[in-house]
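Before any comments, here is the structure.
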Amino acid sequence: MPSHAIAGEETGGDPEHLTRTARHQAQIDPLAALRAPGDPPWDVYLTGTVFLDIVFTGLDTAPVRGTESWARGMGSSPGGVANMAAALARLGLRTSLAAAFGDDHYGEYCWDALARGEGIDLTPSRTVPGWHSPVTVSMAYEGERTMISHGHEPPPEEPAPDCPPPARAAVASLTPGRRAPWIAQAARKGTRIFADVGWDDTGAWDLAGLADLEHCEAFLPNAEEAMRYTGSTCPKAAAHALTEHVPVAVVTLGAEGAYAVDRRTGETAEVPAIAVEALDPTGAGDVFVAGFVTGTLAGWPLADRLALAGLTAALSVQEFGGSLSAPGWSEIGAWWRRVQSLDTQNPAALRRYAFLDPLIPTHLDRPWPLRRAVPTIGFGRNA
């Protein structure tokens with residue numbers, strides 16, 4: 001496994017700078033040992049829709065028709081594709097995002113939170129005059145969520161999805177029956193494509209309809225999606241069947257963890273889920289993908305990549321919000337030190353995460369559980 005370095009307190013207008021948030025604590029660069037002159041300026045490229053997420057937590061039950069429900073917690077943060085972008089950036093990857101932003105206060109808030117707060121490159125993004133930001137209200141209860149969204153289609157001029165910047169990797173959400181030209185263009189430039197997929201509302205569940213899968217290195221559906229696309233009755237069998245179409249298949253199994261197959265190396269890996277008290281599952285799937293991409297770009301074994309993905313997803317559901325809940329290395333380090341200190345831990349289970357030891361320096365030690373500041377809208381810049 002390659003060595004890992006800690007970034008210093010650099011500033012500036014290029015990928016080397018640390019952001020306002022990052023300067024408060026040293027950040028791990030998981031690709032430090034692999035970086036060389038002439039590398040792409042960005043580790044990961046993304047494009048998609050940014051929502052403003054308003055999340056209510058602490059509800060005992062689902063809202064009841066004709067009544068008023070009070071939530072014990074509330075927060076706001078950029079959502080949509082911002083969940084993935086923030087998760088990648090907090091794991092130390094240089095992340096570039098192409099998205100449309102409204103010119104309202106919501107759009108300004110999301111832009112500021114991503115660019116200044118997370119250090120995400122928004123050069124390919126744009127502000128759309130007269131377009132209001134899409135909004136999602138999410139209510140979390142009983143480990144589940146209910147969401148209501150509202151938004152309008154932005155003008156047809158997308159923020160340059162057909163000319164992505166050079167990057168080591170890109171994360172794409174595949175749409176049945178429709179190609180995204182930027183995926184093929186990025187792949188031809190040597191960008192490694194990682195893809196997920198949403199629910200197929202057409203009911204066709206035809207892999208041929210996922211035409212851009214041919215450009216992908218890895219495909220990461222959940223168990224239900226994988227079985228429907230392959231006609232399998234077992235998630236593991238579905239993962240193996242998917243490797244006829246893509247080199248690496250990763251199937252998430254919910255409370256049972258995840259299973260992965262790499263056709264090129266013959267590796268298979270299965271990692272159980274980490275038992276946590278779930279507050280809000282919003283964005284957990286995005287965080288899982290971000291962890292897997294990080295481990296893959298760092299050149300880790302398949303099982304370690306899967307373990308990091310599952311761990312980061314588990315840590316994220318203990319906080320509310322999508323981009324708000326994505327863990328960084330401080331949270332990962334705090335969890336690792338905490339579980340090692342417990343006499344009740346199974347030594348074999350601990351060995352599964354021993355790859356974290358050389359990653360986490362002692363000066364990132366923080367108490368566990370952690371408490372995060374919750375961003376909100378309404379305070380002035382000088383508040």
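The values are calculated or read from the model by the stated rules, or taken from the named source; none is laboratory data. Remember, predicted model here, so these are calculated numbers, not experimental data. Please note: Cβ atoms are built from the backbone with ideal geometry, for glycine as well, and neighbour counts cover all protein chains shown. Side chains are part of the model used for accessible areas, which takes the heavy atoms of the whole protein and leaves out ligands, DNA and RNA. Shrake-Rupley method; radii C 1.70, N 1.55, O 1.52, S 1.80 Å.
Before moving on, here are some points about what is shown:
- Share of Cα-Cα pairs in region 147-241 lying beyond 14 Å, as whole percent: 69
- Projecting label points 7 angstrom from Cα along Cα→Cβ for D112 and V137 puts them 2.4 nm apart.
- FRET efficiency, W70 to H152 (Cβ-Cβ, R0 22 Å, nearest 0.05): 0.10
- Here, region 34-79 yields an orientationally averaged convex hull projection of 6.3 nm² when only Cα atoms define the hull.
- Against the rule of thumb 2.2 N^0.38 Å, how large the Cα Rg of region 211-273 comes out: 1.00
- Chymotrypsin sites (Phe, Trp or Tyr not before Pro) lying in DSSP loop within region 38-95, provided at most 10 other Cβ fall within 10 Å: W70
- Region 40-111 - percent of accessible surface contributed by carbon and sulfur, probe 1.4 Å: 57
- Cα convex hull volume per residue for region 33-172 (Å³): 138
- Debye log10 I(q)/I(0) for region 248-308, one point scatterer per Cα, at q = 0.22, 0.23, 0.28, 0.29 Å⁻¹: -0.90, -0.97, -1.32, -1.38
- Inter-label distance for A36 and T268, nm, one decimal - labels placed 7 Å from Cα along Cα-to-Cβ: 3.5
- Farthest toward the positive end of the dipole of region 159-248, out of A208, P181, A239, is the Cα of P181, where the dipole comes from beta carbon charges about the Cα centre.
- Accessible area per residue, Å², region 34-99 with all protein chains present, probe 1.4 Å: 41
- Taking 0.36 nm per residue of separation and subtracting the Cα-Cα distance, full extension of the segment from A354 to S173 would add 62.0 nm.
- For the pair E214 and C234, a Förster radius of 30 Å applied to the C-beta separation gives a FRET efficiency near 0.75, rounded to the nearest 0.05.
- Protein accessible area in region 187-281, 1.4 Å probe - carbon and sulfur %: 49
- GluC sites (Glu not before Pro) restricted to region 221-298 and DSSP loop, no more than 15 other C-beta within 10 Å: E244, E267, E277
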